[in-house]
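Taking it in order: structure first as structure tokens, then the write-up.
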Amino acid sequence: MSVPAPDTPRARADLRLRLVFGDGAMIGPGKADLLELIAETGSISAACRAMNMSYKRAWMLVETMNAMFRAPVVQSARGGAKGGGAALTTTGEEVLRHYRALERRCADQGAPEIAAITALLGDMSGEK
């Protein structure tokens, strides 16, 4: 077993939380980021552009999330003379708020374990 030298490059650890519900429905970082960007931009198309995601994929994710929860998470209006747009519903705001709080809690509470696992990593520089 080799132990890397103290100055050996290590990968930075990022915690990525995904909640998988019994029937395979899930919410993770991608869907949370999409919700956040829809809230910030007021637009599904602007949100998917910011994420470098196709509009079709973004719509599929929004429709999936809208079907997952008791109430829709995103409400949208078609474009036209007055323009379209999208906004999070109260349910969407709650889902996003709870998800982000859970992410923070897991990162804070798991920091010692994440640091311990990171300390066991080998050289991640790709120059072996």
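The values are calculated or read from the model by the stated rules, or taken from the named source; none is laboratory data. Being a predicted model, the structure only gives us computed values, none of them experimental. With ideal geometry, Cβ positions are generated from the backbone for all residues, glycine too; neighbour counts draw on all protein chains shown. To get the accessible areas, we keep the full protein, side chains included, count just its heavy atoms, and leave off ligands, DNA and RNA. Shrake-Rupley method; radii C 1.70, N 1.55, O 1.52, S 1.80 Å.
What the table below lists for this structure:
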| read-out | value |
| --- | --- |
| Computed over segment 29-120: relative contact order in percent, which uses C-alpha pairs under 8 Å that are six or more apart | 25 percent |
| Dimensionless Rg ratio for segment 58-122, taking C-alpha atoms and the 2.2 N^0.38 Å reference | 1.70 |
| Accessible surface of segment 40-118 [probe 1.4 Å, protein heavy atoms]: carbon and sulfur percent | 53 percent |
| Segment 29-120, accessible area per residue, ligands and nucleic acids excluded (1.4 Å, Å²) | 63 Å² |
| When segment 5-78 is reduced to its Cα atoms, the Kirkwood hydrodynamic radius in Å | 14.0 Å |
| Chymotrypsin sites (Phe, Trp or Tyr not before Pro) lying in DSSP loop within segment 20-128, provided at most 15 other Cβ fall within 10 Å | Phe21, Phe69 |
| Accessible surface of Met60 - all protein chains present, 1.4 Å probe, nearest 10 Å² | 90 Å² |
| Exposure of Thr64 as accessible area (Å², to 10), given a probe of 1.4 Å and all protein chains | 60 Å² |
